[in-house]
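This report refers to the structure that appears directly beneath it.
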Amino acid sequence: MRSIDVVAHVLPFKTNNYVVNELIDWDNYQNDPIFILNFPQKGMLSPEHFSKMAKAVDAGADTATLRKTADEIRHQLNPHPAGQSHNVPEVNGEKLTGAQHKYNETMLFFPSQGQTCHAYCTFCFRWPQFTGMDNMKFAMKEIDNVIAYLRQHEEITDLLITGGDPMVMKASVLDTYISRLLEADLAHLQTIRIGSKSLAFWPYRYLSDPDAEEVLQIFKKVSDSGKSLAFMAHFNHPRELETEAVQKAIKKIRATGAQIRTQSPLLNHINASAQVWADMWKKQVGLGLIPYYMFIARDTGAQEYFGVSLHRAWDIFQRAYTRVSGIARTVRGPSMSCTPGKVRICGITEIQGEKVFVLEFIQGRNSQWAIRPFFAKYDPKALWMDDLQPAFGKEEFFFETELAEMLLE
Ligand SMILES: *Cc1c(COP(=O)(O)O)cnc(C)c1O
Ligand code: SF4
């Protein structure tokens, strides 16, 4: 438990009684996937970083020193991966800092009051932004800016409200955002998505929280207005689908007319097994959920600990995919969300004697890049896009020159 304390100075740590009492198997906690998902582990820091932090803790350093040490370590963990700062939209010359518009049809919105979560995942890359702000006036100005941007961009059909976890917001705050969006009467906006891990970490959000019923009414209001509410649920392990509470909460959300889609990264020590994924997808479709994405763990934070090689990721995906029926094969992956876009590993093959990864964009920074096969030299150790080289002696991938120009803008 001392190592948890040391690592928790650097990586985020927050848990709750649902995760502790209903999800974690304490008889075997050391290898328990939910324990590892929620409680920082020694191996999540490199030995040097661990001993640096441990020294500060053991020396009884004051809060400021502990924080300074932690920040120094964090800065070495690539806290801002995938060039996210390049997609900040502007309205009338003003930057919308709580939003991102990287792909044509879909805009991301990070409401300032949704920048925390019911519990923290140890693999999470969003920890630099867990600060939060609690101010209703700011919320209104924020959503009005988003609406102004949406008015000028009729190509956007989807607004994805994300965080942190937007479902930590009180119903009254969520209602401010949603009501103003609906009142804005944007015909091109078809789908409001909410990205959330609340079903896995706090299903009582929809059952017994004081404003649970109000939340469900907000979802219903979206469906009743003729737009679709897509609840993008983050589940990392089939265990999270097994409790009575989560199953009841899923029913309640679906009864509002919302659809629930699911996504997760592939994580060593938590779900790096074809059986786990096949089981998770089967349980999901059994509960009426729609599998959507399998992601490859990002190049940030404890990637050494959670990372799975691209080869192994494809192998796990292929073996899981072939164990489930077509109903669960709505899932796409394994995919890397990197600077040029979402890159999927389609397979590993040999072309004219050269072993290659076959890749494609699911989403590209230029939308025309999607679903054009391209090839990288096979590398059994590659963990991420940056580790890949073009195949067949090419100097660069087909998108690289264009991407470099886009990044200069
Ligand atoms: C995944 C993602 C989206 C949503 O893409 P869809 O393919 O529409 O699900 C939007 N913005 C960013 C930055 C993303 O990574
Ligand atoms: S719930 Fe989502 S944002 Fe929150 S810690 Fe987990 S992965 Fe990160």
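The values are calculated or read from the model by the stated rules, or taken from the named source; none is laboratory data. Note that the structure is a prediction, hence the values are computed from the model and not measured. Cβ atoms come from the backbone with ideal geometry, glycine included; neighbour counts cover every protein chain shown. We work out accessible area using only protein heavy atoms, side chains counted, and drop any ligands, DNA or RNA first. Shrake-Rupley method; radii C 1.70, N 1.55, O 1.52, S 1.80 Å.
Some notes on this structure:
- With viscosity 1.567 mPa s and temperature 4 °C, the Kirkwood radius over alpha carbon pairs of region 266-409 converts through Stokes-Einstein to a diffusion coefficient of 81 µm²/s.
- Where a label projected 7 Å from the Cα of Ser223 along Cα→Cβ would reach, residues of region 255-273 with amide N under 11 Å: 255-260
- Note on Arg323 and Ser172: the model spin-label points, each 7 Å out from Cα along the C-beta direction, lie 4.8 nm apart.
- Put the Cα centre of region 296-333 next to the Cα centre of region 237-286 and the gap is 15 Å.
- Normalising the average separation of contacting C-alpha pairs (under 8 angstrom, six or more residues apart) by the number of residues puts the relative contact order of region 2-74 at 40 percent.
- Segment Ala187..Gln152, full-extension length gain: 11.4 nm, with 0.36 nm per residue of separation and the alpha-carbon distance subtracted.
- Protection proxy ranking of 66-74, 198-206, by the mean of other Cβ atoms within 10 Å over each peptide's residues and highest first, is 198-206, 66-74.
- Spin-label pair Leu407-Lys377: with each label point 7 Å from Cα along the Cα-Cβ axis, the two points sit 2.0 nm from one another.
- Top positive-direction residue, dipole computed over the chain with Cβ charges, set Ile362, Leu289, Ile178: Leu289
- Placing pseudo-labels 7 Å out from each Cα toward the beta carbon at Arg2 and Lys95 gives an inter-label distance of 4.4 nm.
- Compactness of the chain, taken as the C-alpha radius of gyration over 2.2 N^0.38 Å, stands at 0.99.
- Accessible-area composition of region 199-354, carbon plus sulfur, in percent [1.4 Å probe]: 47
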